[in-house]
Amino acid sequence: MLALVSCNSGDTKSPATNASEPTVPSAGLTAPQSPVDDAKGRALTAYLGMWEDFVAAAATSDWQSPNLGRYATGIALSTLSRGLYADHYNGLVSKGSPTHNAQVSSVDPAGAPAKVIISDCSDSTNALKYRADNGQPADDGPGGRRLIKATVEKQADGSWKVSSFGVQGVGTC
């Protein structure tokens, strides 16, 4: 998850005003973000958003959740929907949420990225499947740390969506 943090020196005194000194707005001191940094940020937001939407849908195995398409498209969206449908069919739901340590591996093309590759070491220890009818744990084995590689692409409308991903077995990172 991404969070915004602000820093404060702790000085709560009002600045002295002097009519001969112009006031400079702090927003004017912020440098514009580069296309590469913008693409990286949007890709990471889409990637983490996809998993948040998946976790929400997995709580009830809602394979038709309209939120699944907010940050996923193509093969990624199909993979999410099919997995949730299988869980629904088998009477399973998920509880808990995995953690993510997602980082950008590469951008393409370098000057004006339209595709970003993300590597993630996700920990599914606290995100397990349970039987929907009685709440008992399903026999899907323990969670753990898994390597995930994902491709996030800029869409025609300017949004960024995960187009594919692969989740490796427990212990791969």
Item to complete: Would you mind getting me the FRET efficiency between D157 and A86? Use the beta-carbon distance for r and R0 = 25 Å, nearest 0.05.
Response: 0.25
Worksheet, complete the sentence: Residues other than G171 with Cβ under 13 Å of its Cβ, Lys/Arg counted +1 and Asp/Glu -1, net out at +1
Worksheet entry | Extension gain (nm, one decimal) between K95 and S78, 0.36 nm per residue minus Cα-Cα | 4.0 nm
Worksheet item: Taking 0.36 nm per intervening residue step and subtracting the Cα-Cα distance, what contour gain separates V55 from D133 on full extension?
Response: 26.2 nm
Worksheet entry | Efficiency of FRET between T125 and Q33 - r from beta-carbon atoms, R0 35 angstrom, step 0.05 | 0.50
Worksheet, complete the sentence: Rounded to whole angstroms and listed largest first, the alpha-carbon spread of region 58-173 along its three principal axes comes to 53, 31, 16
Practice prompt. Can you work out the accessible area per residue across region 24-120, with the rest of the protein chains kept in place, probe 1.4 Å, in square angstrom?
Written response: 55
Worksheet item: In the neighborhood of K40, defined by Cβ-to-Cβ distances under 13 Å, what is the net charge if each Lys or Arg adds +1 and each Asp or Glu adds -1?
Response: 0
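The values are calculated or read from the model by the stated rules, or taken from the named source; none is laboratory data. Owing to the predicted nature of the structure, the values given are computational and were not obtained by experimental measurement. Quick reminder, even Gly has a Cβ in these numbers, built from the backbone with ideal geometry, and neighbours come from all protein chains shown. All accessible areas refer to the heavy atoms of the entire protein, side chains included, with ligands and DNA or RNA removed. Shrake-Rupley method; radii C 1.70, N 1.55, O 1.52, S 1.80 Å.
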